[in-house]
Amino acid sequence: MVEALVIGAGPAGLMAAEELAQVGVKVVVCDGKPSIGRKFLMAGKSGLNVTKDEPLADFITRYDAPQLRPMLEAFGPREVHIWCRALGQEVFTGSSGRVFPVAMKASPLLRAWAGRLAEAGVEIRTRWRWTGFDGAGFRFDTPDGVQVLSPQVTVLALGGASWQRLGSDAAWVPWLQEKGAKVAPWKPANMGFRINWSEKMVPHFGQPVKGVTLIAGPRRERGEFVISERGLEGGGIYAVSRDLREGAALALDLLPDLTAAEITTRLARMKPSESTVNRLRKLGLSKTSVALVMEFARTAPFDQLKHLNIPLQGPRPLDEAISVAGGVEWSSLTPDLELRALPGTFVCGEMLDWEAPTGGYLLTAAWATGRWAGRAAAQLVTPPRT
């Protein structure tokens, strides 16, 4: 008999499995994909950002769910550092405070982690896709046909509703709802936004816009983003994506280190005969920033340098978002992340209803909630493990 079942082999699920195994519980991890940690590996292709090096009190404020506080206090930025190093993966803090493994990629960390899980006796079954409940058991489609597991405890770590090709397809939502759990509707988070560009912007596709301040309602965020064929994307946009999704307009301060008066003084020193483009460049704007001004403020380019309105046509689709808002509502869970409607079944990771920006916050919370759920589940195994 399976003592503990973990469904989902991403960061949250593997952390839950590790916590269970550390106290002697026999753990089986099932995942529908051919290999583990697929979204984790994808996230690490451009540099695996594991956490953010900042005071814990500030770190916690970046999440919209106060229920996460005790979990992040137990496993926050400091603990992520220690955990990575214990796997032989040294980390460093970049100039922005973001923390990365020295190797940068996710694969060395995942390989080391998988090795440690195997040594602890964790059994991982890939191509085991959960297809719902079978009485009190969990039904799977597997290479050997339909299988049903009836564990003592279960941890669900199935992800949200973005990046379906990597496994997060939210197929589980109706199954949990039928059991009585409440699931908040999905919304894209940390996503790009659509813009209908003119042909003049084509040469600038793929180019970054750096050193600007993004303004979304009352929020102002210094950052950078990328102009793409479909619109705007990148860290600066993701930082204000929730405000934009909820209806705030986007504007840019293209010269955040200069006051409006200083800009006026500098313009007065230039020759009136100079072209608008040349004067914008002399103010310090990059070619791409100049292109944005000419795209959206051609009739009065100098008047909008501190507040250039950017007309958006809405967010990119849910499946293209880096993360999601929505998921299992906190009212459906105990403080231990156990489903009230399904005693013995716990939920962790992106399945939970929380939202945070990129920058290490997403991965840290996945680990923290997986650890929390795994430890709580271990207490229900008979006989209890110590």
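Here, each number is a calculation from the coordinates, and none is a lab measurement. Small disclaimer: the values here were computed from a predicted structure and weren't measured. Here Cβ is always computed from backbone atoms with ideal geometry, including for glycine, and neighbour counts include all displayed protein chains.
Binning at 10 angstrom from zero up to the longest distance, how are the C-alpha pair distances of the chain distributed in percent?
Per 10 Å bin, starting at 0, the Cα pair percentages come out as 5, 22, 28, 21, 13, 7, 3, 1, 0.
Applying a 10 Å radius around every beta-carbon, put 5-11, 361-367 in order of their mean neighbour count, most first.
The peptides rank, most packed first, as 5-11, 361-367.
For the chain, with a Gaussian network of springs between Cα atoms less than 10 Å apart, report the residue from Ile227, Ile195, Ile263 with the top mean-square fluctuation.
Ile263
I need to check one value: relative contact order of the chain, counting alpha carbon pairs closer than 8 Å and at least 6 residues apart, in percent.
25 percent
Seen from all sides and averaged, what is the projected area of the convex hull of the Cα atoms in region 151-290, in nm²?
12.7 nm²
Counting other C-beta atoms within 10 Å, and keeping those with at most 13, which DSSP coil GluC sites (Glu not before Pro) do you find in region 84-137?
Answer by residue number: Glu90.
Note the full-extension length gain between Glu90 and Trp175 as 0.36 nm times their separation in residues minus their Cα-Cα distance, in nm to one decimal.
Length gained, Glu90 through Trp175: 26.5 nm.
Can you give the FRET efficiency for Ala57 and Arg165, using 1/(1 + (r/R0)^6), R0 = 41 Å, r = Cβ-Cβ distance, to the nearest 0.05?
Step by step, r from the Cβ atoms, then E = 0.65.
Classify region 139-178 as rounded, prolate or oblate, taking a ≥ b ≥ c as the square roots of the eigenvalues of its Cα gyration tensor: rounded when a/c is under 1.5, otherwise prolate if a/b is larger than b/c and oblate if not.
oblate
Which value in deg cm²/dmol, rounded to the nearest 500, describes the helix-derived mean residue ellipticity at 222 nm for the chain, given -39,500 (n - 2.57) per DSSP H run of n ≥ 4 and division by the residue count?
After summing the helix terms and dividing by the residues of the chain, the value is -8000 deg cm²/dmol.
Compute the Cα gyration tensor for region 231-376, then decide on rounded, prolate or oblate, letting a ≥ b ≥ c be the square roots of its eigenvalues: rounded whenever a/c is under 1.5, prolate when a/b is larger than b/c in the other cases, and oblate in all that remain.
Note, shape of region 231-376 comes out prolate.
What's the magnitude of the charge dipole for region 14-151 around its Cα centre, counting Lys and Arg as +1 and Asp and Glu as -1 at the beta-carbon? Answer in Debye, nearest 20.
So the dipole magnitude of region 14-151 works out to roughly 440 debye.
In the structure displayed, which of Lys52/Lys287; Lys105/Lys187; Lys45/Lys182; Lys33/Lys187; Lys39/Lys179 lie more than 30 Å apart, Cα to Cα?
Lys52/Lys287; Lys45/Lys182
Positive end of the charge dipole of the chain (Lys, Arg +1 and Asp, Glu -1 on Cβ, about the Cα centre): tell me which of Leu342, Gly326, Gly145 has its Cα farthest that way.
Of the candidates, Gly326 comes out farthest on the positive side.
In debye to the nearest 20, how big a dipole does region 325-386 give about its Cα centre with +1 on each Lys and Arg Cβ and -1 on each Asp and Glu Cβ?
For this selection, approximately 320 debye.
DSSP loop (so not H, G, I, E, B), at most 11 other Cβ within 10 Å: list which trypsin sites (Lys or Arg not before Pro) in region 242-311 pass both filters.
Sparse-neighbourhood loop trypsin sites (Lys or Arg not before Pro): Arg269, Arg298.
Averaging sequence separations of C-alpha pairs under 8 Å and six or more residues apart, then dividing by the length of region 193-310, give the relative contact order as a whole percent.
Result for region 193-310 is 26 percent.
Taking all pairs of different Cα atoms in region 1-105, averaging 1/r and flipping that mean, what Kirkwood radius in angstroms comes out?
Evaluated on region 1-105, it is 15.4 Å.
As a test of the definition: which semi-axes, in Å, follow for region 81-139 when you take the square root of five times each eigenvalue of its alpha carbon gyration tensor? Largest first, please.
Semi-axes, largest first: 34, 15, 10 Å.
Treating the beta-carbon of each Lys and Arg as +1 and of each Asp and Glu as -1, no other charges, what is the dipole magnitude of the chain about its Cα centre, to the nearest 20 debye?
Taking the Cα centre of the chain as origin, the dipole is about 1080 debye.
Set Lys and Arg Cβ to +1 and Asp and Glu Cβ to -1, take the dipole of region 193-310 about its Cα centre, and tell me which of Gly231, Val277, Val290 lies farthest positive.
Result: Val277.
So in the chain, what percent of DSSP beta bridges are antiparallel if you round to the nearest 5?
70 percent
Among rounded, prolate and oblate, which fits region 199-279 when a ≥ b ≥ c are the square roots of the eigenvalues of its C-alpha gyration tensor, a/c under 1.5 means rounded, and a/b larger than b/c means prolate?
It comes out oblate by the Cα gyration axes.
Using a Cα-Cα cut-off of under 20 Å, which aspartates and glutamates could be cross-linked to Lys200, ignoring same-chain neighbours fewer than 8 residues away?
The qualifying aspartates and glutamates are Glu229, Glu233, Glu295.
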